[in-house]
Amino acid sequence: MPREPVWYSNGLRFSCHQCNNCCRGAQPGWVYVSPAQIVRLERFVELSPVAFKERYLTQDEDKDPVLRLKPNGDCIFWENGCTVYAARPRQCRTFPFWPETLESPEAWKELRTFCHGVDQGRLYALSEIKSTLKGRATPSEGS
């Protein structure tokens with residue numbers, strides 16, 4: 001039986017407008033980090049694993065490692081820009097092409113309520129979106 005085409009089979013438009021709502025308290029949420037991503041961040045900020053963990057990591061309800069949030073909901077690495085941009089976690093690099101935002105046209109439309117780049121700018125082909133989805137780390141995966 002042939003698979004149904006995904007609702008975004010003609011691609012999706014996205015252009016980062018650098019509103020930074022994805023990094024700031026506008027839509028707070030966990031940024032999951034794999035062991036390999038943690039090592040990359042430790043090296044980038046030049047901290048020992050123990051010091052890095054104490055300063056930058058916490059756990060979600062399932063005990064998966066996540067980046068801390070500031071009291072206002074901003075990412076711990078947000079200071080008028082991402083202070084670890086070159087080493088940012090995969091979850092950050094692949095936004096907005098996440099399974100939950102691509103679940104339905106309604107989910108994609110909902111994303112527009114805080115991300116001004118949705119449906120704007122460059123057209124990402126289905127193949128690019130699928131490639132991003134395959135490479136996205138989940139809490140239990142590697143880099």
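The values are calculated or read from the model by the stated rules, or taken from the named source; none is laboratory data. Being a predicted model, the structure only gives us computed values, none of them experimental. Using ideal geometry, Cβ is built from the backbone for each residue, glycine included, and neighbour counts are taken over all protein chains shown.
Per-residue answers, yes or no, for (1) within 15 Å of ARG24 (Cβ to Cβ); (2) at pLDDT below 95; (3) assigned to a loop (DSSP other than H, G, I, E, B):
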{"residue": "ILE38", "(1), (2), (3)": "no, no, no"}
{"residue": "VAL50", "(1), (2), (3)": "no, no, no"}
{"residue": "LYS63", "(1), (2), (3)": "no, yes, yes"}
{"residue": "THR101", "(1), (2), (3)": "no, yes, yes"}
{"residue": "GLU106", "(1), (2), (3)": "no, no, no"}
{"residue": "HIS116", "(1), (2), (3)": "yes, yes, yes"}
{"residue": "LYS134", "(1), (2), (3)": "no, yes, no"}
{"residue": "PRO139", "(1), (2), (3)": "no, yes, yes"}
{"residue": "SER143", "(1), (2), (3)": "no, yes, yes"}
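One residue is enough: does region 98-109 have a residue meeting the conditions farther than 24 Å from SER9 by Cβ and among the charged types (D, E, K, R)? First the steps, then the outcome.
Taking region 98-109 and keeping what is farther than 24 Å from SER9 by Cβ, we get none.
No: zero hits.
Return yes or no: is ASN20 out of contact with any Cys (no Cβ under 7 Å at 6 or more places or on another chain) and surrounded by 12 or more Cβ atoms within 10 Å (Cβ to Cβ)?
Values: out of contact with any Cys (no Cβ under 7 Å at 6 or more places or on another chain): yes; surrounded by 12 or more Cβ atoms within 10 Å (Cβ to Cβ): yes.
So ASN20 passes the test.
Condition first: over 30 Å from PHE44 (Cα atoms), in contact (Cβ under 8 Å) with a residue 60 or more places away in the chain and under 16 Å from the mean Cα position of the chain (by Cα). Now tell me which residues in region 89-117 satisfy that.
Taking region 89-117 as the starting set, the residues that turn out to be over 30 Å from PHE44 (Cα atoms) are 102-113.
Now narrow it down to the ones that are in contact (Cβ under 8 Å) with a residue 60 or more places away in the chain: 102, 104-105, 108.
Passing the criteria: LEU102, TRP108.
From the list TYR56, TYR32, which one is surrounded by 15 or more Cβ atoms within 10 Å (Cβ to Cβ) and more than 25 Å from GLU128 (Cβ to Cβ)?
Working: TYR32 fails: more than 25 Å from GLU128 (Cβ to Cβ).
Within the list TYR56, TYR32, the selection yields TYR56.
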